[in-house]
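Participant: Take a look at the following structure, please.
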Amino acid sequence: MARYLVTGGAGFIGSNFVHYLIDHTDHHVTVLDKLTYAGNLASLSGLPETRLTFVRGDVADAELVDDLVATADAVVHYAAESHNDNSLNFPEPFVHTNVIGTFTLLEAVRKHDVRLHHVSTDEVYGDLELDDPARFTESSPYHPSSPYSSTKAGSDMLVRAWVRSYGVTATISNCSNNYGPFQHVEKFIPRQITNILWGIRPKLYGDGRNVRDWIHADDHSSAVLQILEAGRAGETYLIGADGEKDNKTVVELILTMMGQDTEAYDNVADRSGHDLRYAIDSTKLRTELGWRPRYADFEEGLSATIDWYRDHEDWWAPAKRATEAFYAQLGQ
Ligand code: NAD
Ligand code: TDX
């Protein structure tokens, strides 16, 4: 039994990871989460109290973080401001949480010699052309486009420097776009599903040709656990499930699966600086650590996700109105 500290464990991917850890190991989990608009304690409800401790706080609070890291065997760092559209309008919290928060955590794991896994994104590599067969690898150069991705790139660089300069024991993963239960309704897939459930037409940015490489959150969790258990210190691993789809195809799939006309969506204003295409080559993770995704079929995972949102309106309805009011101001 080990003691895991999970930052951002009340968010989308963090809460999926906490469920995964409790289901697949005997570890004790302490969640540190600020409960911003994106955090939701209901995402952790039903988990055994003996296995889970929740602490509300800021990952940039040095004193609190020092106390929590001192009693942990490993730290898994999910806490972040995560939404590109927000970062374009309010960049400051992205610098605070993603950069200062990661720095604060690094200082604590350095002091207490605790292993860290830093959860990052493929967006640090910028974007690829639509007609380019290339995919991101661990050696792709960093070219972040948005305030969000540039602060995540900054956090990755801090981790790399703390490994090299101070000998901190850390790994990094850069994952592609996640979908699954507990994802905030501001994000693409849950926004369209919940729009349809409330009789609102789905909203596609620009012409919808932009490509994202989709992975189920459970597969992200299994990869992170595999890296924690068998990954080499100081290494970076890319996580992806070969799920490239353009946004228009995804909207049409959701409409079809929910019994609607495939053309029943609106094209709205495009995102500023909108990355064209992300694609992950996860060969290193698969060959070195033997990892494989369970949801090899995107449509199967999407269908289960639609069912989850249909069955959990109580979880998402409180955030839906405010989210749509924000998008309406942006013309999106
Ligand atoms: P999310 O926005 O759903 O959750 C973020 C969580 O962090 C929330 O619970 C929030 O309350 C918490 N938080 C925010 N600021 C905090 C602070 N200062 N101190 C403590 N807690 C704070 O995000 P997500 O989609 O679950 O992403 C989690 C991580 O995974 C992020 O680091 C993100 O960059 C990374 N990631 C996300 C995706 C994706 O598709 N969503 C893909 C690759 C990597
Ligand atoms: O209503 C929408 N319509 C639309 O066309 C929304 C919300 C999005 N989009 C487009 C923009 C993107 O091309 O869908 C795509 C996905 O958008 P998001 O869900 O906002 O995700 P993205 O910007 O790709 O970033 C996500 O994946 C990488 C996460 O939010 C990041 O945290 C992660 O690092």
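The values are calculated or read from the model by the stated rules, or taken from the named source; none is laboratory data. All values derive from a computational prediction rather than experimental measurement. Note that we place each Cβ from the backbone using ideal geometry, even for glycine, and neighbour counts take in every protein chain shown. Quick note on the areas: whole protein, heavy atoms, side chains included, nothing else; ligands and nucleic acids left out. Shrake-Rupley method; radii C 1.70, N 1.55, O 1.52, S 1.80 Å.
Participant: I'd like the residue in region 80-112 that is among the aromatic types (Phe, Trp, Tyr) and over 18 Å from the mean Cα position of the chain (by Cα) and, out of all such residues, is surrounded by the most Cβ atoms within 10 Å (Cβ to Cβ). Please lay out each step first, then the result.
Facilitator: Kept after step one, since they are among the aromatic types (Phe, Trp, Tyr), are these residues of region 80-112: 90, 94, 103.
Still in the list and also over 18 Å from the mean Cα position of the chain (by Cα): 90, 103.
Numbers: 90: 12, 103: 17.
In this case the residue turns out to be 103.
Participant: Another question about this same structure. Filtering region 177-202 down to residues that are touching a His at 6+ places or on another chain (Cβ under 9 Å) and part of a loop (DSSP other than H, G, I, E, B), which residue is nearest to ligand 2 (Cβ to nearest atom)?
Facilitator: 187
Participant: Continuing with the same structure: Which of the residues spanning region 179-215 are open to solvent by less than 10 Å² (accessible area, probe 1.4 Å), under 16 Å from residue 121 (Cα atoms) and not charged (D, E, K, R)?
Facilitator: Scanning region 179-215 gives 179, 215.
Participant: Still on this structure, please answer the following. Output the residues belonging to region 80-102 that are of a type in the set (A, V, I, L, M), out of contact with any strand residue (DSSP E or B) (no Cβ under 9 Å at 6 or more places or on another chain) and within 14 Å of ligand 2 (Cβ to nearest atom).
Facilitator: 88
Participant: I'm checking my understanding of the structure. Among residues of region 2-30 that are in a strand (DSSP E or B) and in contact (Cβ under 8 Å) with a residue 40 or more places away in the chain, which one is farthest from ligand 1 (Cβ to nearest atom)? Walk me through how you get there before you give the answer.
Facilitator: Taking region 2-30 and keeping what is in a strand (DSSP E or B), we get 3-7, 28-30.
Filter again for in contact (Cβ under 8 Å) with a residue 40 or more places away in the chain, leaving 3-7, 30.
On the way: 3: 18, 4: 16, 5: 12, 6: 10, 7: 6, 30: 13 Å.
Per the stated criteria, the residue is 3.
Participant: From the list 164, 135, exactly one residue is among the basic types (Lys, Arg), surrounded by 14 or more Cβ atoms within 10 Å (Cβ to Cβ) and at pLDDT 95 or above. Which is it? Step through it out loud before you land on a result.
Facilitator: Numbers: 164 fails: surrounded by 14 or more Cβ atoms within 10 Å (Cβ to Cβ).
Only one candidate passes the filter, namely 135.
Participant: Scan the helices (runs of 4 or more DSSP H) fully inside region 236-332 and keep the ones with 1 or more residues being more than 14 Å from ligand 2 (Cβ to nearest atom), aliphatic (A, V, I, L, M) and within 30 Å of residue 172 (Cα to Cα). Steps first, please.
Facilitator: On the way: elements: 247-257, 283-289, 298-311, 313-330.
The qualifying helices (runs of 4 or more DSSP H) are 283-289, 298-311.
Listed here are the residues, each with its yes/no results for (1) crowded, with 20+ Cβ neighbours inside 10 Å; (2) over 21 Å from residue 220 (Cβ atoms).
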position	(1), (2)
21	yes, no
25	no, no
29	yes, no
39	yes, no
47	no, no
64	no, yes
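Participant: Also: Is it the case that residue 77 is open to solvent by 20 Å² or more (accessible area, probe 1.4 Å) and not hydroxyl-bearing (Ser, Thr, Tyr)?
Facilitator: Numbers: open to solvent by 20 Å² or more (accessible area, probe 1.4 Å): no; not hydroxyl-bearing (Ser, Thr, Tyr): yes.
So residue 77 fails the test.
Participant: In region 175-203, how many are of a type in the set (Ser, Thr, Tyr), out of contact with any strand residue (DSSP E or B) (no Cβ under 6 Å at 6 or more places or on another chain) and under 21 Å from residue 9 (Cα atoms)?
Facilitator: To start, the set of residues in region 175-203 that are of a type in the set (Ser, Thr, Tyr) comprises 176, 179, 194.
Narrowing further to those that are out of contact with any strand residue (DSSP E or B) (no Cβ under 6 Å at 6 or more places or on another chain): 179, 194.
Narrowing the set further to residues that are under 21 Å from residue 9 (Cα atoms) leaves 179.
Summing the residues that are of a type in the set (Ser, Thr, Tyr), out of contact with any strand residue (DSSP E or B) (no Cβ under 6 Å at 6 or more places or on another chain) and under 21 Å from residue 9 (Cα atoms) in region 175-203 gives 1.
Participant: May I pose another question? Of all residues in region 223-259, count the ones that are crowded, with 19+ Cβ neighbours inside 10 Å and small (Gly, Ala, Ser).
Facilitator: Final tally of qualifying residues: 5.
Rundown of residues vs (1) within 13 Å of ligand 1 (Cβ to nearest atom); (2) touching an Asp or Glu at 6+ places or on another chain (Cβ under 7 Å); (3) among the hydrophobic types (A, V, I, L, M, F, W, C), yes/no style:
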position	(1), (2), (3)
132	no, no, no
146	yes, no, no
168	no, no, yes
175	yes, yes, yes
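Participant: Take residue 71 and tell me if it is surrounded by fewer than 17 Cβ atoms within 10 Å (Cβ to Cβ) and of a type in the set (S, T, N, Q).
Facilitator: It is true that residue 71 is surrounded by fewer than 17 Cβ atoms within 10 Å (Cβ to Cβ) and of a type in the set (S, T, N, Q).
Participant: Now a separate question. Specify the residue that is farthest from residue 139 (Cα to Cα); the eligible residues are those in region 260-283 that are polar (S, T, N, Q) and surrounded by fewer than 15 Cβ atoms within 10 Å (Cβ to Cβ). Walk me through how you get there before you give the answer.
Facilitator: As a first pass, look at region 260-283 and keep what is polar (S, T, N, Q): 260, 262, 267, 272, 282-283.
From what's left, surrounded by fewer than 15 Cβ atoms within 10 Å (Cβ to Cβ): 262, 267, 272, 283.
Values: 262: 39, 267: 36, 272: 27, 283: 12 Å.
Looking at residues that are polar (S, T, N, Q) and surrounded by fewer than 15 Cβ atoms within 10 Å (Cβ to Cβ), I get 262.
Participant: For region 203-234, enumerate the residues that are more than 14 Å from ligand 2 (Cβ to nearest atom) and not in a helix (DSSP H, G or I).
Facilitator: Listed by number, the residues that qualify are 231, 232, 233, 234.
Participant: Step by step: first the residues of region 1-59, then only those that are within 16 Å of ligand 2 (Cβ to nearest atom) and of a type in the set (Phe, Trp, Tyr), then the one that is farthest from residue 184 (Cα to Cα). Which residue is that?
Facilitator: 17
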